[in-house]
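Below: the structure, in structure tokens.
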Amino acid sequence: MPVPYKRILLKLSGEALAGSRGYGFDPVTVDSFASAISEAAATGVQIAVVIGGGNIFRGQDSTLASDRVSADHMGMLATYINALALKGPLERTGLTCTVLGSIGIASVVEAFNAASARRLLEQGQVLLFAGGTGCPYFTTDTAAALRALEIRADVLVKATKVDGIYDKDPVKHPDAVFFPELDYDQVLHMNLKVMDLTAISLCRDNALDVSVINIRNPENLIKLLGGEKTGSIVTSRRD
């Protein structure tokens with residue numbers, strides 16, 4: 001069965017890399033993500049990944065930084081560590097990977113350039129985008145939406161720890177209502193916490209679909225690419 005997407009942007013939280021540890025890296029978890037991405041790439045889909053830094057540093061929770069700008073810069077730098085941490089396991093599966101960063105660290109990673117990124121994807125590389133947008137006051141969700149549009153992805157896949165989109169946290173509320181499909185007007189009207197408002201606006205205004213899947217079962221990515229109904233999908237109206 002042909003995959004429904006040619007190119008995807010996978011948004012992976014830093015916390016996901018920590019597994020049950022809550023901080024740092026769980027090697028088994030990281031390897032499972034690398035295996036799922038490798039299996040997905042074997043279907044022929046082009047994959048770029050945006051990774052958060054919350055397993056290392058969360059600026060909004062820290063008293064270390066002198067101000068919000070410094071805290072955001074610390075969080076963005078944490079994403080470089082995460083991108084490099086995932087690069088190794090991905091390469092061990094046989095993939096060719098490149099880390100592209102929004103903040104110049106020439107001796108560590110290459111600088112992000114949209115045209116170069118698209119060219120590398122066409123060559124079959126898996127790309128890891130680090131550094132968020134490169135600017136403070138923007139979340140990794142916004143960075144994922146921006147990069148997805150810049151590389152002309154067919155869908156933004158947001159990996160979470162729940163099975164999709166609910167009206168409230170299903171971990172805390174057993175009566176939470178699950179939404180298999182929504183449009184952006186519904187997301188905004190119900191104030192659903194799919195992504196932050198800047199990211200939602202970017203996706204809505206540019207007709208980019210967002211798929212939300214449970215990454216605790218890495219096979220969900222394969223199911224999505226195989227055309228199975230997995231998790232939730234947010235679409236733009238296309239009248």
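Since every read-out is calculated from the coordinates, none of them should be taken as a lab result. This one's a predicted model, so the numbers in the text were calculated from it and none came from an experiment. Counting neighbours? That spans all protein chains shown, and the Cβs are built from the backbone with ideal geometry, glycine included.
A few points about this structure:
- For the chain: relative contact order, % (alpha-carbon pairs under 8 angstrom, 6 or more apart): 22 percent
- Helix-only mean residue ellipticity at 222 nm for the chain, each DSSP H run of n ≥ 4 adding -39500 (n - 2.57), per residue, nearest 500: -11000 deg cm²/dmol
- Values of log10 I(q)/I(0), in the order q = 0.11, 0.12, 0.17 Å⁻¹, for the range 24-176 under a Debye, Cα-only, solvent-free model: -0.46, -0.55, -1.06
- Of LYS87/LYS223; LYS11/LYS87; LYS161/LYS223; LYS87/LYS193; LYS6/LYS168; LYS11/LYS172, pairs whose Cα-Cα distance is over 26 Å: LYS87/LYS193; LYS6/LYS168
- By average C-beta atoms within 10 angstrom, highest first, the peptides 119-126, 218-225: 218-225, 119-126
- Scattering profile of the range 92-239 at q = 0.08, 0.14, 0.16, 0.20 Å⁻¹ [log10 I(q)/I(0), Debye over alpha-carbon scatterers]: -0.25, -0.76, -0.97, -1.34
- Placing +1 on each Lys and Arg Cβ and -1 on each Asp and Glu Cβ, with no other charges, gives the range 1-148 a dipole about its Cα centre of roughly 320 debye.
- Annotation: amide H-H contacts under 5 Å for ASP209 (H modelled 1.01 Å from N, sequence separation of 5 or more, or interchain): LEU156.
- Distance from the C-alpha centroid of the range 30-94 to that of the range 184-239: 20 Å, rounded to the whole angstrom.
- Separation in nanometres of the label points that stand 7 Å from Cα toward Cβ, at LYS172 and ARG21: 2.7 nm
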